[in-house]
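The next block holds one structure in the form of structure tokens; read it before the comments.
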Amino acid sequence: MDEPESLERRVVERIRRDGPMTFAAYMDAALYDESSGYYARLPIGESEDFATSPHVSPVFGELVATQVKEFWQFLGEPASFEIVEAGAGDGTLAVQILGAMEPAMADIISYTAVDRSQAARNALRRNGIRIAAALGEVAPVEAGCVVANELLDNVPAHWVRREANGPLQERYVDLDTSSTLSFVDRELSMPQLGLLAASLPPGAESLVRPAALEVIEEIARVLGRGYAWIVDYGFTGGATAERPYGYRAHRLEEDVLAAPGSRDITAGVDFDALARHARHLGLVVWGPVTQRHALRSLGWATIDRVRREAQAAAIGARQGITALRAYSDRGRAAQLIASGGLGDFLVLGLGVNVDPTRVPQSMRGDLS
Ligand SMILES: C[S@@+](CC[C@H](N)C(=O)[O-])C[C@H]1O[C@@H](n2cnc3c(N)ncnc32)[C@H](O)[C@@H]1O
């Protein structure tokens, strides 16, 4: 694999040749350049740059499986059911979901894991799961569901700003006088950004993502009948992502231009925009609810109680290591619903040609 410096050199050469690039184009190169983009390697896991919910605790996949099973029941228990996971990474969630399925259901399920990173697809291949590089490659399924965890915050975003006197400007990546990557504001690269940022007040900035809306369109195309369950960090109630962040070695970094390819680049997801677009396409929309709400609705407390009892029994039997393991597993599962962390993530439920009165279990109740 090339060193990250070589990606920076190529970005600089591209700007010299073609002029400033949109932040979305820069993000695309920094994350997904085939040889040196950040996702050209597998950066997720406890010992890597960051850990997502399935890497934090298998309870996540176990509870998602509960929701998937209910989706299947809501669709009238069809004889075949397709799970499509978008942005599947190394397949940790896929393995958890499939592992939690009862044998009768395992027989009727097919699982397709979609990821645009070659390294991720190699890992998925090792797991023996059917793979695709893009949702656009997935043939429509008669009945099924799409699951996506922390996909959309990594989808390239345009960075727009409303000037004090009214017009919108877009932030591009350019070169300063010493040929270092720097920002410059110019006119919008596409008119759609003006619509997406129409309510941005003077002086405010926002990351907007036409490409995330395309993911919703792909979901609507792929699902003949079915559900989507989309999890990410982000906003609702009119808030927006004001700036992108870098992420490396479990730490946030503000500088997203230095050494492209060496860090994750991410920005919170505008769940209002997703829900609006899904409704516009005729989809049923539930939520967003917090991940805490969704996982508690799906039975988080029951799993914790079983583990607490196992921990107590192990202490009673003087099995110290077993007790310690149960304690540690409970702590990790608790991170999934923690305030100020993964518990505050949002989950959006979508339905395509489904009964809108049957509310998915993860979206029911008032547990936030
Ligand atoms: C933050 S990782 C999350 C991985 C996994 N879902 C998890 O929870 O650990 C985002 C993943 O989405 C993939 N990705 C980004 N854009 C994508 C797209 N348009 N289609 C498919 N995969 C994509 C990236 O390659 C990366 O593996």
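Quick rundown of the values:
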quantity	calculated
Any hit, region 248-264, residues being touching a Leu at 6+ places or on another chain (Cβ under 7 Å), at pLDDT 95 or above and within 18 Å of F345 (Cα to Cα)	no
Residues within region 47-65 that are polar (S, T, N, Q) and either more than 10 Å from the ligand (Cβ to nearest atom) or more than 19 Å from R330 (Cα to Cα) (or both), tallied	2
Matching residues, region 126-135, being over 11 Å from I219 (Cβ atoms) and either within 16 Å of the ligand (Cβ to nearest atom) or not assigned by TED's automatic domain parsing to the domain that holds F60 (or both)	R126, N127, I129, R130, I131, A132, A133, A134
Hits in region 263-303 - residues which are part of a helix (DSSP H, G or I) and β-branched (V, I, T)	T302, I303
Leading residue by the ranking (farthest from the ligand (Cβ to nearest atom)) among those in region 103-116 that are touching a residue at least 24 places away in the same chain (Cβ under 8 Å) and open to solvent by 10 Å² or more (accessible area, probe 1.4 Å)	I108
Subset of region 135-149 (residues that are in contact with an Asp or Glu (Cβ under 9 Å, 6 or more places away or on another chain) and either free of Cβ contacts under 8 Å to residues at least 24 places away in the same chain or acidic (D, E) (or both))	E142
Residue within region 62-85 that is open to solvent by less than 10 Å² (accessible area, probe 1.4 Å), of a type in the set (G, A, S) and in contact with a Gly (Cβ under 9 Å, 6 or more places away or on another chain) present	yes
Single residue of region 356-366 satisfying the filter (open to solvent by less than 70 Å² (accessible area, probe 1.4 Å) and in a loop (DSSP other than H, G, I, E, B)) that is farthest from I230 (Cα to Cα)	G365
Total residues in region 106-146, condition of a type in the set (D, E, K, R) and in contact with a helix residue (DSSP H, G or I) (Cβ under 8 Å, 6 or more places away or on another chain)	2
Condition check for E77: free of Cβ contacts under 8 Å to residues at least 12 places away in the same chain and within 12 Å of the ligand (Cβ to nearest atom)	no
Matching residues in region 312-327 - criterion: being assigned to a helix (DSSP H, G or I) and surrounded by 10 or more Cβ atoms within 10 Å (Cβ to Cβ)	A312, A313, A314, I315, G320, T322, A323, L324, R325, A326, Y327
Subset of region 22-38 (residues that are at pLDDT below 95 and open to solvent by 10 Å² or more (accessible area, probe 1.4 Å))	E34, S35
Total residues in region 325-368, condition among the hydrophobic types (A, V, I, L, M, F, W, C) and under 14 Å from L283 (Cα atoms)	5
S182 vs. criteria more than 13 Å from the ligand (Cβ to nearest atom), assigned to a strand (DSSP E or B) and surrounded by fewer than 21 Cβ atoms within 10 Å (Cβ to Cβ)	yes
All positions within region 9-21 that are open to solvent by 20 Å² or more (accessible area, probe 1.4 Å) and in contact with a Phe, Trp or Tyr (Cβ under 8 Å, 6 or more places away or on another chain)	P20
Within region 24-47, tally of residues that are of a type outside the set (S, T, Y), under 30 Å from Y172 (Cα atoms) and in a loop (DSSP other than H, G, I, E, B)	6
Meets criteria (more than 30 Å from Q291 (Cβ to Cβ), within 16 Å of the ligand (Cβ to nearest atom) and either at pLDDT below 95 or surrounded by fewer than 22 Cβ atoms within 10 Å (Cβ to Cβ) (or both)) for S6	no
Residue list for region 191-218, filter: touching a residue at least 12 places away in the same chain (Cβ under 8 Å) and open to solvent by 60 Å² or more (accessible area, probe 1.4 Å)	Q192, S199, P201, P202, E217
Residues that are assigned to a helix (DSSP H, G or I) and either open to solvent by 70 Å² or more (accessible area, probe 1.4 Å) or under 21 Å from A51 (Cβ atoms) (or both), drawn from region 219-262	R221
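For every residue, the table says whether it meets (1) aromatic (F, W, Y); (2) closer than 23 Å to E163 by Cα.
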site: T177; (1), (2): no, no
site: T180; (1), (2): no, no
site: D185; (1), (2): no, yes
site: L193; (1), (2): no, yes
site: L196; (1), (2): no, yes
site: E205; (1), (2): no, yes
site: A211; (1), (2): no, no
site: V222; (1), (2): no, no
site: W229; (1), (2): yes, no
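The values are calculated or read from the model by the stated rules, or taken from the named source; none is laboratory data. All figures in this text were calculated on a predicted structure; none of them were measured in a lab. Note: ideal-geometry Cβ built from the backbone for every residue, glycine included; neighbour counts use all protein chains shown. Side chains are part of the model used for accessible areas, which takes the heavy atoms of the whole protein and leaves out ligands, DNA and RNA. Shrake-Rupley method; radii C 1.70, N 1.55, O 1.52, S 1.80 Å.
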